[in-house]
1. Working out 0.36 nm times the residue gap between Ile306 and Glu121, then minus their Cα-Cα distance, what length gain in nm do you get to one decimal?
2. What FRET efficiency comes out for the pair His70/Ala179, r = Cβ-Cβ distance, R0 = 45 Å, nearest 0.05?
3. Along the charge dipole of the range 26-83, pointing to its positive end and built from +1/-1 on Cβ of Lys, Arg, Asp and Glu, which listed residue (Gly43, Pro29, Ala71) has its Cα farthest out?
4. DSSP loop GluC sites (Glu not before Pro) in the range 232-324 with at most 13 other Cβ atoms within 10 Å of their Cβ, which ones?
5. Pop out the ³J(HN,Hα) list for the range 93-103 in order, Karplus 6.51 cos²θ - 1.76 cosθ + 1.60 with θ = phi - 60°, rounded to Hz; leave Gly and Pro as x.
6. I'd like the distance between the alpha-carbon centres of the range 27-51 and the range 253-323, rounded to an integer number of Å.
7. Just want the ordering: Leu77, Leu92, from fewest to most Cβ atoms lying within 10 Å of their own Cβ.
8. For Arg40 and Ala243, compute 0.36 nm times the residue count separating them, minus their Cα-Cα distance, and round to one decimal in nm.
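Nothing in this text is a laboratory measurement; each read-out follows from the coordinates by a stated rule. In this text, all values refer to a predicted model and were calculated from it rather than measured experimentally. Using ideal geometry, Cβ is built from the backbone for each residue, glycine included, and neighbour counts are taken over all protein chains shown.
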Amino acid sequence: MGAVREALDALALVDHHCHGVVTADLDRPAFESLITEGSRWPGSGVSPFDSPVGVAVRRHCAPLLGLERHAPPEEYLARRAELGWREVHRRLLGAAGTGVYCVDTGYAPDDVTTPAELAGERAAAYEVVRLESVAEAVAARGVEPDGYADAFRAAALEAVGRPGVVAVKSVAAYRTGFALDPDRPGDAEVGQAARRWLARGGRLDDPVLVRHLLWTAVDLGLPLQLHTGFGDSDLRLHRADPALLTDWLHRISGTIPVLLLHCWPYHRQAAYLATVFAHVYLDVGLALHYVGPARASAVLAEALEITPFRKLLYSSDAYGVAEFHLLGAVSFRQGLAALLQERVDADELCLADALRIVTWTGADNSRQVYRFSATS
């Protein structure tokens, strides 16, 4: 094992964007639904286990549950049920070696762990506030259209004032996409849009109110996480290209850090934005556990073709199953180690620089952006 791999294996990762895990035992349909961004297709003969991520689960998670590598799905799920979800979480989360979790608490269609429950005694936990959830809660409580902007701002300020909150997040990529007017909407425009939205109800997907949400995030002053690229079928992928944000990023230059999450297949566009804007950062997030350790180095190599090394962060975007917290960490460690060691061996990078990149991308870049303690 080379020095780069040793350094990565020893590093307590900072997972700057993830979610909780389900607090229940899972049957096969429930488990399969959580290891795909698509849907289960009963009767089709297609199983998420027969995919790169399903193979990676059986290869890298099975031994931690006391099984042989590549155990068949039936054996894997039977062993998982035998151990129970608490023991599965203990083993897999412990093996991930994550020292800090930044947890998006705004998405929970299942009963999942809180940030503190996810971290347990082995790690520190912080919260990321999803602003669409705040806006929808304001609407659900009842508000007059002309009072929506002030009510949303007050609710957002209250949410980010909670202990442990380090960032806000938007899922504008899902709701409208990024081909938005980059300018801040006026009060009258917001009021008219709020009247339309409140009358029809449902999710916050009005382009004017989404713009207002993004500009409110700027006013809040915390780092802003933006989902970009790969996601479930609710997404229209062509609208989630972060390059569509270029004009808006010009408008907000010098204000807040913007963290582009996941990015694949637009990780090269995200790398460009992180190269030309001081306030833009990126990760490749859930792409790593979906391609698995076997291809993680290829995705990371593309993300790092031009990205300044202080601009790439680690995240898993794991949700629901602890397997994804483990696979994200394993894929990042193995993929980055292979990439950097190859460059060291080719004398394109010295070992000292490689070891700095390990620490920066795996932990310190997140600490610098979110400003939590270096000892957490």
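1. 62.8 nm
2. FRET efficiency, His70 to Ala179: 0.55.
3. Of Gly43, Pro29, Ala71, it is Ala71.
4. The qualifying sites are Glu305.
5. 5, x, 6, 5, x, 8, x, 9, 10, 10, 10
6. The range 27-51 and the range 253-323 have Cα centres separated by 26 Å.
7. Numbers: Leu77 17, Leu92 24.
Placing the least packed residue first, the sequence is Leu77, Leu92.
8. On the way: separation 203, 0.36 × 203 = 73.08 nm, distance 3.17 nm.
Gain on extension, Arg40 to Ala243, equals 69.9 nm.
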